[in-house]
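The values are calculated or read from the model by the stated rules, or taken from the named source; none is laboratory data. Treat the numbers as computed from the prediction; the structure is a model and nothing was measured. Cβ coordinates were reconstructed from backbone atoms using ideal geometry, including for glycine residues, and neighbour counts include every protein chain displayed.
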Amino acid sequence: MTTTDTGAGGLAPTTRKDWASDQEVRWCPGCGDYSILAAIQMLLPDLGARRENTVFLSGIGCAARFPYYMNTYGLHSIHGRAPAIATGLATTRPDLDVWVITGDGDALSIGGNHLIHALRRNVRMTILMFNNQIYGLTKGQYSPTSELAKVTKSTPFGSLDTPFNPISLALGAEATFVARTHDMDRQHMQETFRRAHDHDGAAFVEVYQNCNVFNDGAFEKITARDARAGMLIPLVHGEPLRFGAEREKGVVQRADGRLEIVDVADVGEDALLVHDERREDPGLAFALSRLSRGPLEPTPIGVFRCVERPEYGDAMARQVADAQERRGVGDLKALVRSGATWTVE
Amino acid sequence: MLHHRYTMTTTEHRDEHHRQLDRVVIRFAGDSGDGMQLTGDRFTASSALFGNDLSTFPDFPAEIRAPAGTLAGVSAFQVQISDHDILTPGDAPNVLVAMNPAALKANVGVLEKGATIVVNVDAFDERSLTKAGYAANPLTDGSLSAFALYEVPMTSMTQEVCKEAGVKPRDAERSKNFFALGLLSWLYNRPVDATVEWIQKRFADREMVREANTRAFRAGYHFGETAELFESTYEVQPAHFEPGEYTQVTGNQALAWGLIAASRLSGLPLFLGSYPITPASDILHELSRRKEFGVRTFQAEDEIAGIGSAIGAAFGGSLGVTTTSGPGVDLKSEALGLAVNLELPLVLVDIQRGGPSTGLPTKAEQADLLHAMYGRHGEAPLPIVAAKSPSHCFEAAIEAVRLAVKYRTPVILLSDGYLANGAEPWRLPDVDAFERIDPAFASGPNHVLDDGTEVFWPYVRDDATLARPWAPPGVPGLEHRIGGLEKADGSGNVSYDPANHEKMVRLRAAKVAGIVRDIPPVDVDDETGDAELLVLGWGSTYGAILAGVRRVRARGKRVAHAHLVHMHPFPANLGEVLARYRTVLVPEMNLGQLSRLVRAEYLVDARSMSKVQGVPFRAGEIEAAICSLLEDAR
Ligand SMILES: Cc1ncc(C[n+]2csc(CCOP(=O)(O)OP(=O)(O)O)c2C)c(N)n1
Ligand code: SF4
Ligand SMILES: [Mg+2]
């Protein structure tokens, strides 16, 4: 339900309250999804976004309930298909801000195909994948991002499959914008979401999200307040890759291309790798995505890659406009006469 | 045995004989690589221009190139041309053009007694005969004695005329289908210039091919003229058509144009999300060429994304369409259920083919009717429209869009491989005369809360149609969330309330059932009004049933025919119509799906007549079935 516009739809600035729907939020108390929701609701006024031009689209899962809580246009669809649905919406309505909210199962298991194709086509949409490394809504089975040997209800003897690295996957799918953030740091989330939103094309953001009921603490080792400095490697464009409480650690690239974490004192600041998110070649971003094997080791966060490539919907619109320019706007009478015709008196 | 062999020593010139025919059925058959579809198409086009009524049946294998010379690789194109109104491509061909032994073997069984067979005698060598499974040469062993056999060295004569133009024999060989076309054009007095012009255009950028095809075509024509092989040529006079402007269309072409027309009539931009699949791909191809109509076509990563993107486009206020065939319909089922729940306009086009699974990809079947009716989990009814002839696909597409938009519902439009590829003359409709389709987008609040606040509720229904408002994003104040979860009546908020769920299930069903008030009653063709047997059909069997019915009447017997276009809901008068006849016969290319539906719905003892061979009914089969039932009734 929506109350009629009380100012948010006009051109007056909006506040967080304008973006919250009247529906009771039904995630488990303590779920990381709450902080992501808050980050978005607080960010949107800041982006100057308009409610009437904003659409939240999702598949199925805990994460996918998100649209119900936003006082915007919204579509809660079916498991895994949101990027496909968003493709139809975004290509026909370039005037809209299309956000896709998805989970690790939704995006990478049942919907893996749609995700990679939306990314390679570079359709204008902002995809936020809440990665809790578990199936939340179906009560705790392992997911395509769960660590190997994960014990869950469906894998009592440990899971057998190697997990996806979502950042590597997105890079491999020719994504033009790839980033990672986490639910414990509102400011970092907002900064990352803003960048993703401003990107002209498909933007993919992996959000480490705690499911305190079925996979509590999965990211604690790197996202806990006192752990962050030593375990999160901030990616800042044009800056050397440094981290640690005293910024005493850094990342270097070896002659064979391998990335390695070193003590800055040992190599000197000049030897550190300088982050370049705009490199055409995704190789270095890919190497960065492999730096940690999971959220238990020092892990890069921030924007891995942000490059320009023509947006799909625009290209589609251009073909239409070109055809209309070349042939004139279609004439139905001419269309049905496009083959040979004859007249019977 | 009528056995003619061409000799180059002919000198004498005989008077030309013309024989008038009221109709003729010609079947062009050859290897998949022989260009038989093109040959048939072109023969059809020149007949259309000449003014004949016609109906075609392209019949080709699923493999692009099955092993050359084998039965599996035979590709055929059947066309009936006539000087009067005809409805089918004909039961038994009067003429077979066989480019190789396999083509002869695969088709000789369907010919009428005494039919003419024209073979490319060059292709009847030992190897080809063996490949086709002939132990002895059928041209010489007497097995074709019931036919008028003409042996024409098409390959060598084509190579001969192309030699002068510097075309290598191997390349020239590929033009032999144009030799056959030329010969048949002479035999049936088809206009020549139009075809020559067409060759120039079609092969404009390939000089050698253009030259070879032109020479081969002319050589075939002159061969007919000068060789004393055929006693006479034949003429099929133009048919008497209602005055008007005509063109020739296939079902898929007409369907694509119908979608464009509906986009115009509604003012909704057309978005097609589709994944290639035979025999539906040509709709994707045709619409992709028509961008000047504002059409956006999206070749999705799979069928699910095809319908998903169409749903997204519909949410955004476009005319969302997805096209596919059986296997794709299976994949789309879940998303179709979502569209039922979202109550958004959407058209799913199913060009039926033989199933289950990959089945017979290039052959027609009508076995998806029950799938269209019931192929979703939960109570998920939706309207179904079925096209009955190639040109009718145009109107059927507009009707599907009309219902989808007016009732905010996905609609399934059924066609099949036979309609999709079959062609017939089409009297061009007055496109200005079609009724507009009003998208009637929501524009403001539609509900007042207890405290007096005016709000927009996405599931408030129109009293008459029970349709909900369509409110694409972009309008301040109409922000709303919809989804696949059950919604509270009116507000559209997620609701798990048991009574509300039953109410919503019933409302969705009532909305679709209510469409019955918005569709025409089924027409009954019962000439004398006192027939005791009704033939009830749907879809592509229309032509064969009507032709069969006419034959029965020509024997002085009475029979009625009704053909359904609206498969769900059924027209309001159908129950009463069925009750009027002692016997109801339902011919279908499945194991009795419509007959099952009408039996369940109206408790009538409908008799099912089934044919599931990937080929259409023949008029003769329908005629025989009717006659035998009439006999029984005695
Ligand atoms: C077609 C289909 N298959 C299975 C399900 C059941 N299902 C719902 S959510 C889900 C997994 C969700 O996991 P994830 O995407 O990680 O979201 P989370 O709940 O963890 O946020 C599954 C298997 C479904 N709704 N639809
Ligand atoms: S199950 Fe996990 S992810 Fe889902 S709402 Fe509860 S805490 Fe959050
Ligand atoms: Mg999950």
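Things to note:
- Top-ranked residue in the stretch A:183-239 [being without any contact (Cβ under 8 Å) to a residue 40 or more places away in the chain and within 16 Å of ligand 2 (Cβ to nearest atom); ranked as farthest from the other protein chains (Cβ to nearest Cβ)]: A:E220
- The listed residues are A:L96, A:L108, and the only one of them that is of a type in the set (A, V, I, L, M, F, W, C) and at the interface with chain B (Cβ under 9 Å from one of its Cβ atoms) turns out to be A:L96.
- The stretch B:471-503, residues that are under 12 Å from B:F456 (Cβ atoms), at the interface with chain A (Cβ under 8 Å from one of its Cβ atoms) and over 40 Å from the mean Cα position of the chain (by Cα): B:V475, B:P476, B:G477, B:L478, B:E479, B:H480, B:S491, B:G492
- Number of the exception - A:P13 against (1) within 11 Å of chain B (Cβ to nearest Cβ); (2) modelled with pLDDT under 95: (1)
- Selection status of A:D22, outside any strand (DSSP E or B), away from ligand 1 (no atom under 15 Å from the Cβ), at pLDDT below 95 and not small (G, A, S): yes
- Applying the condition of being more than 8 Å from chain B (Cβ to nearest Cβ) and not small (G, A, S) to the stretch A:64-78 and asking which residue is surrounded by the fewest Cβ atoms within 10 Å (Cβ to Cβ) yields A:R65.
- Checking each residue in the stretch A:50-66 for being within 15 Å of ligand 2 (Cβ to nearest atom) and of a type outside the set (A, V, I, L, M, F, W, C) picks out A:S58, A:G59, A:G61, A:R65.
- Residues that are more than 20 Å from the chain's Cα centre (by Cα) and of a type in the set (F, W, Y), drawn from the stretch B:19-75: B:F50
- Residue match in the stretch A:273-289 (condition: at the interface with chain B (Cβ under 9 Å from one of its Cβ atoms) and in contact (Cβ under 8 Å) with a residue 60 or more places away in the chain): no
- From A:A118, A:A82, residue being within 14 Å of chain B (Cβ to nearest Cβ), more than 17 Å from A:R65 (Cβ to Cβ) and touching a strand residue (DSSP E or B) at 6+ places or on another chain (Cβ under 9 Å): A:A118
- Of the listed requirements (1) closer than 19 Å to B:S263 by Cβ; (2) away from every other protein chain (no Cβ under 14 Å); (3) under 19 Å from the mean Cα position of the chain (by Cα), B:D416 misses just one: (1).
- Qualifying residue in the stretch A:85-99 (condition: within 16 Å of ligand 2 (Cβ to nearest atom) and either out of contact with any helix residue (DSSP H, G or I) (no Cβ under 9 Å at 6 or more places or on another chain) or over 29 Å from A:T15 (Cα atoms) (or both)): no
- Residue list for the stretch B:255-276, filter: closer than 26 Å to B:P327 by Cα and surrounded by fewer than 21 Cβ atoms within 10 Å (Cβ to Cβ): B:P276
- Scanning the stretch A:153-165 finds no residues that are touching a helix residue (DSSP H, G or I) at 6+ places or on another chain (Cβ under 8 Å) and away from ligand 1 (no atom under 16 Å from the Cβ).
- Residues that are in a loop (DSSP other than H, G, I, E, B) and within 16 Å of ligand 1 (Cβ to nearest atom) within the stretch A:27-59 comprise A:W27, A:C28, A:P29, A:G30, A:C31, A:G32, A:G59, listed in sequence order.
- In the stretch B:532-586, counting only strands (runs of 3 or more DSSP E) that sit wholly within it, none holds 3 or more residues that are closer than 15 Å to B:A633 by Cβ and basic (K, R).
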